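Written out below as structure tokens is the structure these notes cover.
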Amino acid sequence: MENLVKLKAAIKGKKILVFGPPGCGKGNRSRDLEALGLVHVSSGIALRAKVRDDPDSELSKKAVDFMKRGELVTDDIVVPIIMEHLNRDECRKNGFVLDGFPRTKAQADVLFSQVGIDLVLYLDVPHKFLLYGIVEGNRRVCVDCATGYSDFDPPRKESVCDKCGGKLIRRTDDNIKTIENRLKLYEEQTKPFLQDIQTKANVEILLITVSDEEVIDDKYLKKLRGRVYWAQTDQGGKARMLNLEGMRMRLYNLLAEIFIAPAK
Ligand code: ADP
């Protein structure tokens, strides 16, 4: 993309929140933004790292328990971990893409009162597609960079990450029971405060969704102001969006429209 250099310069220092249900592609879109120079801060990755590095602490044991069941880890554990990341010099200097946080209203209140956000990227994917991708598509993620793949978007070499060569694994919480619980919590606790964020923080929302019919039917989406874009499903209406490279280019073009002022 010709404008890539311009886009990198325009996006430097920006604070972008990636919002959406489990399995909607938050991790991959975050990687795309990271490639533009933003620091990727993911609550799921940060929690898993904490547990891996310090498995015997009380905090890790508590966190693991919630994660195994697909429940939300309590705010007293998650909030300090994420705020510590966001306050690092690298985030202040380069900007960041925040993924998986906030998931409760209390988390959102801390984020918006202490840090603020410039743009929300809201990935709206119907549940049937999410389950299809994670379960039937056999989602696997890179242990090193967390890029996600499925049978619909397979890596070039089985079990090896295209981007960094890391090993691909199935997440232990990617089973149908846990995912259903995670989706339920998303609907009940997380999704409802997006509108609240928009009103209070007056932040722009860029919505990317997979099905235009769903958008038209969804009263919730109609209430959100902002720019709406939708990716297309294939003829069968399957979860197939664009491939990773296609989604990345689409996202960069949308960001260029927002952050690079059109030439007068
Ligand atoms: P997904 O988006 O697919 O559910 P994540 O890697 O973001 O996966 O999160 C994995 C688990 O970590 C969640 O099921 C939850 O237990 C915990 N978690 C992640 N982020 C948060 C958060 N902001 N608040 C509470 N729990 C969280």
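Within the range 90-97, is even one residue under 24 Å from I11 (Cα atoms), within 7 Å of the ligand (Cβ to nearest atom) and among the aromatic types (F, W, Y)? Explain how you work it out, then say what you get.
To start, the set of residues in the range 90-97 that are under 24 Å from I11 (Cα atoms) comprises 90-97.
Filter once more, keeping what is within 7 Å of the ligand (Cβ to nearest atom): none.
No; the residues of the range 90-97 include none that is under 24 Å from I11 (Cα atoms), within 7 Å of the ligand (Cβ to nearest atom) and among the aromatic types (F, W, Y).
Taking the condition aliphatic (A, V, I, L, M), surrounded by fewer than 14 Cβ atoms within 10 Å (Cβ to Cβ), over 18 Å from the mean Cα position of the chain (by Cα) and under 20 Å from R48 (Cβ atoms), does I169 pass?
Working: aliphatic (A, V, I, L, M): yes; surrounded by fewer than 14 Cβ atoms within 10 Å (Cβ to Cβ): yes; over 18 Å from the mean Cα position of the chain (by Cα): yes; under 20 Å from R48 (Cβ atoms): yes.
Yes: the conditions hold for I169.
Please verify whether the range 57-75 includes one or more residues that are in contact with a strand residue (DSSP E or B) (Cβ under 6 Å, 6 or more places away or on another chain) and touching a residue at least 60 places away in the same chain (Cβ under 8 Å). I'd like the intermediate steps shown before the answer.
Going through the range 57-75, the residues in contact with a strand residue (DSSP E or B) (Cβ under 6 Å, 6 or more places away or on another chain) turn out to be none.
Taking every residue of the range 57-75 in turn, none turns out to be in contact with a strand residue (DSSP E or B) (Cβ under 6 Å, 6 or more places away or on another chain) and touching a residue at least 60 places away in the same chain (Cβ under 8 Å).
Condition check ((1) more than 10 Å from the ligand (Cβ to nearest atom); (2) touching a Leu at 6+ places or on another chain (Cβ under 6 Å); (3) not in a helix (DSSP H, G or I)) across all residues:
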position	(1), (2), (3)
A9	yes, no, no
L17	yes, yes, yes
G23	no, yes, yes
D65	no, no, no
I82	no, no, no
D109	yes, no, no
S113	yes, no, no
G116	yes, no, yes
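Values quoted throughout were computed directly from the atomic coordinates according to the rules given, and no laboratory measurement underlies them. These figures come from a predicted structure and were not determined experimentally. Every residue, glycine among them, receives a Cβ derived from its backbone with ideal geometry; neighbour counts consider all protein chains shown.
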